[in-house]
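Q: Structure below; questions to follow.
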Amino acid sequence: MGKTTCAINLAFSFAKRGWKTLLVDADPQGSVGLSLSPSAQSYAGLYEVLNSGTPFDQVVLKTKLEALSIVMAGKIPTNEISKWCASLEDGARLATFFKTAAETGYDIVVLDTPSGLHGPTEGILRSSSHVLVPQQCEPLALRSLMLTVDFLNQLQTENEEACSLVGVVLTMADPHVEDTKKIVEEIKRVLPPELVCQAMLPRDSAVIHASMKGMPLGLLRGGAPPAIALVFDQLAAELESKLDLVAPEQSDEYVSLVV
């Protein structure tokens, strides 16, 4: 389970809890779109807003959940991908996008980023308020986690108002397996324990089923939502307190969240 699955289902959980939520596909490969719609690549999105000046409201896609909207990656020409990624690295253009989202009334913006600490990912980290890191329960993955933490520390050295680490959420986890326990202990050894989310996302075949259906886990039919959908609800509730979000009816600001 990776960033895209977390972004889609966390955004859905935030929206269910009453927050006006915008899910943004900032991966040039269009991972969110590919997970949700076979026709995703035909939609204008982030690329058109930042590159062509397309009005923000023309690329926002409504969903069956009133509080949840989506901005796809956009129709990025293959020969323009490298140039597009480089243009986002300093975060300035993305900051303008976030400002528009705030002015439009979104409480929270959830972004799915490409892999690696460069291009769009670096720009998002430079222009967002918080970052959530999905961490697979694999020993080798701890190395990439520490690279991310070091990079965030560097950003805050350059700018005290840079985004902060709101938490690390363990994925593909099984609290009854000894290896998972060891990884949790190791992460808590190198990070303040409060940064390790209580909610842990297990390995679950429902994730594959939902992806094949092109929908969040909470919309799967055939009875009650799978247990893992409820874990995303738990994670959303946990992050609300970490982000100091007030009740939706009292909120007049947005918080951007990177995954």
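Q: How much mean residue ellipticity at 222 nm does the chain get from its helices, if each DSSP H run of length 4 or more adds -39500 (n - 2.57) and you divide by all residues, to the nearest 500 deg cm²/dmol?
A: When only DSSP H runs of four or more count, the value is -13000 deg cm²/dmol.
Q: Using a Cα-Cα cut-off of under 17 Å, which aspartates and glutamates could be cross-linked to Lys75, ignoring same-chain neighbours fewer than 8 residues away?
A: Asp25, Asp27, Glu48, Asp57, Asp112
Q: Once amide H atoms are built 1.01 Å from N in the peptide plane, which residues 5 or more positions from His130, or in another chain, come under 5 Å H to H?
A: Ser164, Ser256, Val258
Q: Between Ile76, Thr96, Ala86, whose Cα lies farthest towards the positive end of the dipole of the chain when Lys and Arg beta carbons carry +1 and Asp and Glu beta carbons carry -1, centred on the Cα centre?
A: Ile76
Q: In terms of solvent-accessible area of protein heavy atoms at a 1.4 angstrom probe, what is the ranking of Lys64, Lys75, Lys20, Lys83, highest value first?
A: Reading off the accessible areas and sorting them downward yields Lys64, Lys83, Lys75, Lys20.
Q: Which ³J(HN,Hα) values, rounded to whole Hz and listed in residue order, are derived for region 62-74 from phi using the Karplus coefficients 6.51, -1.76 and 1.60 in 6.51 cos²θ - 1.76 cosθ + 1.60 with θ = phi - 60°, glycine and proline given as x?
A: For region 62-74, the Karplus-derived couplings read 7, 10, 5, 9, 4, 7, 10, 10, 9, 10, 6, 5, x Hz, x marking Gly and Pro.
Q: Could you tell me which of rounded, prolate or oblate describes the chain, using a ≥ b ≥ c as the square roots of the eigenvalues of the alpha-carbon gyration tensor, with rounded for a/c under 1.5 and, failing that, prolate when a/b is larger than b/c and oblate otherwise?
A: Cα axes put the chain in the rounded bin.
Q: Quick one: of Lys20/Lys83; Lys64/Lys99; Lys20/Lys213, which pairs are farther than 27 Å apart, Cα to Cα?
A: Correct reply: Lys20/Lys83.
Q: Find how many whole Å separate the alpha carbon centroid of region 192-210 from the alpha carbon centroid of region 126-156.
A: Taking the Cα centre of region 192-210 as reference, the centre of region 126-156 is 16 Å away.
Q: Test of understanding: in a Gaussian network model of the chain with alpha carbons linked when under 10 Å, which of Leu65, Leu36, Leu132 would top the mean-square fluctuation ranking?
A: Leu65
Q: Next question. Gaussian network model of the chain, Cα springs within a sub-10 Å range: biggest mean-square fluctuation belongs to which of Leu152, Leu217, Leu111?
A: Comparing Leu152, Leu217, Leu111 in a Gaussian network model of the chain, the most mobile one is Leu152.
Q: Cross-link partners among aspartates and glutamates for Lys182, C-alpha distance below 19 Å, same-chain residues fewer than 8 apart left out?
A: The reachable aspartates and glutamates, counting only those whose Cα sits under 19 Å from Lys182, are Glu138, Asp174, Glu194.
Q: Amide H to amide H under 5 Å from Leu170: which residues, 5+ apart in sequence or cross-chain, H placed 1.01 Å off N in plane?
A: For Leu170, whose amide H was placed from the backbone, the distant partners under 5 Å are Gln135, Cys197, Leu201.
Q: What fraction of the DSSP beta bridges in the chain is antiparallel, stated in percent and rounded to the nearest 5?
A: Roughly 10 percent of the DSSP beta bridges within the chain come out antiparallel.
Q: For the chain, set up a Gaussian network in which alpha carbons nearer than 10 Å are linked by springs, and say which option among Glu103, Glu158, Glu122 fluctuates the most.
A: Glu158
The values are calculated or read from the model by the stated rules, or taken from the named source; none is laboratory data. Worth saying up front: this structure is predicted, and the values here are computed from it rather than measured. Ideal geometry is used to build each Cβ from the backbone, glycine not excepted, and the neighbour counts take in all protein chains shown. Side chains are part of the model used for accessible areas, which takes the heavy atoms of the whole protein and leaves out ligands, DNA and RNA. Shrake-Rupley method; radii C 1.70, N 1.55, O 1.52, S 1.80 Å.
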